[in-house]
Amino acid sequence: MADHAADAIENVLHESRVFPPPADFAARANVRSLDEYEQMWQRAKDDPEGFWGELAAKLDWFQPFEKVLSGGFPDVKWFEGGKLNACYNCVDRHLSTWRKNKAAIIWEGEPGDSRVLRYQDLHREVCKFANVLKELGVGKGDRVTIYMPMIPELAIAVLACARIGAVHSVVFGGFSADAVAERNNDAQSKLIITADAGWRRGKEVPLKDAVDESLEKSPTVEKVIVVERTGRDVQMVQDRDYWWHELMEHASAECEPEVMDAEDPLFILYTSGSTGHPKGVLHTTAGYLLGTMMTSYWVFDLKDDDTYWCTADIGWITGHSYIVYGPLANGATTLMYEGAPNWPHEGRFWEIVEKYRVNIFYTAPTAIRAFIKWGEEWPERYDLSSLRLLGTVGEPINPEAWMWYHRVIGKERCPIVDTWWQTETGAIMISPLPGVTPTKPGSCTRPLPGVVPDVVSKEGTSLPANAGGYLVIRQPWPSMLRTLYGDHERFVKTYFSEVPGMYFAGDGARRDEDGYFWIMGRVDDVLNVSGHRLSTMEIESALVSHPAVAEAAVVGFPHEIKGEGICCFVVLKEGEGGDELRQQLKEHVRKQIGAIATPDQIRFAVALPKTRSGKIMRRLLRDIAAGREQVGDTTTLEDYSVLAKLRESSE
Ligand code: 7RM
């Protein structure tokens, strides 16, 4: 953590609009009243074992657990002694109900091809593939890397691993061969599942070629399974590489689920760390499943007749928790889309909403800002009247983007759930309940039942209302990570040593007088301008509220007088920008926030460097603002050309 990230972060954003849940939504919501929510929350805080122990009955157990919670931070165990299987809970248990013929996965390919898998179909495919894995020597506890496009086989592969107790490590399909190799090696993966290629913006992403390259540096990987997706010509190595469809042809559709311990590992998911060496976040079986199942039910208000669409990639935790495990554990219909939001046109998402009559739509602020830039005419062309609930995740959503989402997509009748959580938390932690919580644009509102967050100083003292500080979680929750794979010491140090006795999330936040949380971004992104600690996110929000601006990223750079100066990278909705607009924007920020936040530099850019999950890589922008050559890790960057263009952007 940067040492200037000391005690208080000044809060300069003023937002006073409040949107109560629509009455008709509240009337049939899964959680209906503020009272009900508050009682649940208090009960979970005072008696977590009673609260979670009762909810755990919603899972199917092969053997009941003996103890709900054992130990405390950092080493906790949930549901010790219990035996279950995550795949069984997501698939098999629905087959004995009317849901056997319900759509589990509705899939849309980028070129417009489509498939629907009913729960029975999913069960058959998963069982067959589980047998294929066993046949190739994969067993309980073995690690399997999954490097695939967003096709149904990806979800099938994930569930098949869970079925046989293999630990999946999904590597996002946009990563490089080196990134795959590094993750193979860290996890000591035995097998890798991939495809010949995937479709992205009409072009093939050559996944198998990348796997071949990664294997030169991944000695533990013995076998490769390849799905034929695009028909691209790939090299198949004898006795190492196998076609998915050939293996499946003769596989049996009968496969007993492995009996797993509540605390057996379910998966590893790598997330970037400050050292450049990625962290292998490890989640276990029962707590993760219960957390994702309950939060899907509470936050997305899942009903049996809903078509639910989370636009994330399964290579990201949002896809694990809210495309696969959470929705399927609830017996929901989950939609999966392979491609880009702007291919073959900027209305692609809205076309899909219309085509499948999507009811619940969950996306990221970065996508919403792109929709704003592309113009209202795109969503206006389609019938979005099926939508009843909207969600966001991944970054703070600036009030401007929130209002646009509310007006243009939600037609002012859909509640918006701004969900704060992390790869490490496994499930949503702070979020409105759509039938209960009045929302304020830009705030993720209040903690879910079982989550006890606080805003504290470096010493761990609670801060008063509206003071900015560190976001922490004070009590264990079932879906929390259990370790960083192979590096327990780093786990303890990263999450439990910054603020003694609490889980340190790495985000700055404040809590307002109503107990609402406002996330101010990563604490490493806080600026110290002449002794004032400013959140970059608030300056970005001010910039984006100017009509010419589509997107902005703010970073500090060394400044002789002020300590840190304010450098703003600005993407315009249209046109190039010039000195006049530069002056206007400086004035605009000054008026919105105050003289202390007046930008020193405004740099116009055509795009910002981002991870594929949409997070702005401010670390890289800091290097550029300071005139440094790139030193940091860029393996998670979506589009390398963005960096070259930014270097050229002048002050
Ligand atoms: C789910 C996910 C985690 C980081 C987290 C925050 C930021 C996520 C929100 C948010 C403000 C939100 N997992 N973040 N959601 N900030 N409001 N609703 O994103 O591990 O990839 O990232 O993302 O900084 O610490 S993640």
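Each reported figure results from applying straightforward, stated rules to the coordinates on display, with no laboratory input. Please read all numbers here as calculations on a predicted model, not as lab measurements. Glycine also receives a Cβ, built like all others from the backbone with ideal geometry; neighbour counts cover every protein chain displayed.
Numerical summary
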quantity	calculated
Rounded if a/c under 1.5, otherwise prolate or oblate - segment 335-386, Cα gyration tensor axes	rounded
Rough spin-label spacing in nm, given labels placed 7 Å along Cα→Cβ, for Q235 and F62	4.2
Reciprocal of mean inverse Cα separation for the chain (Kirkwood radius, Å)	25.2
Cα shape, segment 366-492, gyration tensor, a/c 1.5 rule	prolate
Three-way shape call for segment 206-275 based on the alpha-carbon gyration tensor, with the a/c threshold at 1.5	oblate
Gain upon complete extension [D178, D113; 0.36 nm per residue less C-alpha separation]	20.3 nm
Residues Y297, Y503, sorted so that the one with the fewest Cβ neighbours within 10 Å comes first	Y297, Y503
Q120/K203 FRET efficiency (R0 51 Å; Cβ-Cβ; nearest 0.05)	0.90
Spin-label model distance (nm) - T461 vs E38, 7 Å beyond Cα toward Cβ	2.9
Share antiparallel - DSSP beta bridges, segment 88-192, percent rounded to 5	45
For the chain, Cys with no neighbouring Cys Cβ under 4.7 Å	C87, C90, C161, C310, C414, C444, C567, C568
Burial order of peptide ranges 406-413, 425-432 (average beta-carbon count within 10 Å, highest first)	425-432, 406-413
On Cα atoms only, tilt of 177-187 relative to the major axis of the chain in degrees	70
Translational D in µm²/s for segment 192-238 (Stokes-Einstein at 37 °C, 0.692 mPa s, Kirkwood Rh from C-alpha pairs)	296
Peptides 50-59, 202-211 ordered by average Cβ neighbours within 10 Å, highest first	202-211, 50-59
Sorted by Cβ density within 10 Å, fewest first, the residues K128, K217	K217, K128
Separation of the S16 and V492 label points, Cα + 7 Å toward Cβ, nm	5.0
Packing-based ranking, highest mean first, of 445-456, 158-169 given that Cβ atoms within 10 Å are counted	158-169, 445-456
FRET efficiency estimate (nearest 0.05) - Cβ-Cβ, K591 to E412, R0 25 angstrom	0.35
Net charge contributed by nearby residues that have their C-beta within less than 13 Å of E376 (K/R +1, D/E -1)	+2
Gain on full stretching of the segment that runs from E216 to N342 - 0.36 nm per residue minus C-alpha separation	41.9 nm
Listed residue pairs exceeding 21 Å between alpha carbons, taken from K134/K223; K303/K355; K58/K440; K77/K493; K279/K615; K562/K586	K58/K440
Net lengthening on full extension, V606/E54 (0.36 nm per residue, minus Cα-Cα)	193.5 nm
Cross-link reach list, aspartates and glutamates versus K67, counting only Cα pairs under 14 Å and skipping chain neighbours closer than eight places	D47, E49, E54, E80, D261, E263
Residues I105, I539, I372 arranged by fewest to most Cβ contacts within 10 Å	I372, I105, I539
Helix-only mean residue ellipticity at 222 nm for the chain, each DSSP H run of n ≥ 4 adding -39500 (n - 2.57), per residue, nearest 500	-8000 deg cm²/dmol
